[in-house]
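Written below as structure tokens is the structure these notes are about.
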Amino acid sequence: MIRDRCNVREVPHTDGPTPLSAEEEQRCRSAFFSHIGNEIAAKGWARFPAYTPEERRRLHDVGRALSEYWGRPVRVEAEDVCAVLFTLEDAALASGPGA
């Protein structure tokens, strides 16, 4: 079966900032802060997907905010091309994702 593709256009790809408003960006970071913070609190680490440079920057900012909030360093590092790993610096040796 052939589907009709009328009025379908390709969206140009750019590596610029995401098209989020300031309010949307704040809500996004707040949701990530909560979700990632809860995972780290429960396990000592969290893994979160990040596919673009903008997503990675956003997650590094969330890691910084968690460090400030807890008063403990949160390490944020690229695990691979699609994921970022968050660990508590002092707990990284004891209970990482491989442990």
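The values are calculated or read from the model by the stated rules, or taken from the named source; none is laboratory data. Computed from a predicted model, the values in this text were never measured in an experiment. Neighbour counts run over all protein chains shown; Cβ positions are idealised from the backbone, glycine included. To get the accessible areas, we keep the full protein, side chains included, count just its heavy atoms, and leave off ligands, DNA and RNA. Shrake-Rupley method; radii C 1.70, N 1.55, O 1.52, S 1.80 Å.
Name the residue that is least open to solvent (accessible area, probe 1.4 Å), counting only residues in region 43-69 that are modelled with pLDDT of 95 or more, over 14 Å from C28 (Cα atoms) and assigned to a helix (DSSP H, G or I). The residue in question is L66. So, of the residues in region 19-42 that are open to solvent by 50 Å² or more (accessible area, probe 1.4 Å) and charged (D, E, K, R), which turns out to be farthest from the chain's Cα centre (by Cα)? Out of the qualifying residues, it is E23. Listed by first and then second residue, the pairs linking a residue in region 8-30 that is under 17 Å from R58 (Cβ atoms) and at pLDDT below 90 to a residue that is of a type in the set (S, T, N, Q) and open to solvent by less than 70 Å² (accessible area, probe 1.4 Å), with Cβ atoms under 8 Å apart and 6 or more places separating them unless they lie on different chains, are D15/T52; T18/T52.
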